[in-house]
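Presented below is the structure to which this report refers.
The values are calculated or read from the model by the stated rules, or taken from the named source; none is laboratory data. Computed from a predicted model, the values in this text were never measured in an experiment. With ideal geometry, Cβ positions are generated from the backbone for all residues, glycine too; neighbour counts draw on all protein chains shown.
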Amino acid sequence: MSDIYVMQRANGDVFTLDDNGRFRVPIFNSTRYGFLSRLRNLGMLLFKPVKLDSGLLKQLVPTGSAAEVDFWLVSDPFINLNQGRLIEPAQLAVLMGSSSNLKAVLGNADSGETPSMINSEATAVWEDEGGRSSKGA
């Protein structure tokens, strides 16, 4: 498959949603889908699509936090972000090219560190505009 994109702000924050204590990272098939999605979800206006690579993935899923971060494929940029599809770590590895370095990042679960690149302000703005932070398919 082609590249996978996440929404990132200039300061390095990646757009995430709080999902009952877990972090949901919306991912997109193209930069176009990311840009179109941010038009519908005003909490993402300060974010731009960037390619998800193993370096960025290590920042999103630090050692021990693989069980706390979900990746949510948004296949239609005009739908509510809750209507995406949960992507399992193995599926994400296949989508990203299945490198051994990537599998090591996704399989880590050794310590209790939490993700540091969470933008709760954007989530609050998005929720104020009618968004819900719950899993809904």
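Assorted remarks:
- Pairs meeting the criteria (first residue in region 48-65 and closer than 18 Å to Glu88 by Cα and of a type in the set (Ser, Thr, Tyr), second residue in a helix (DSSP H, G or I) and at pLDDT below 80, beta carbons under 7 Å, at least 6 apart or on different chains) are Ser54/Asn101; Ser54/Leu102; Ser54/Val105.
- Restricting Asn80, Asn20, Asn41 to residues that are modelled with pLDDT of 80 or more, at positive phi and not acidic (Asp, Glu) narrows the list to Asn20.
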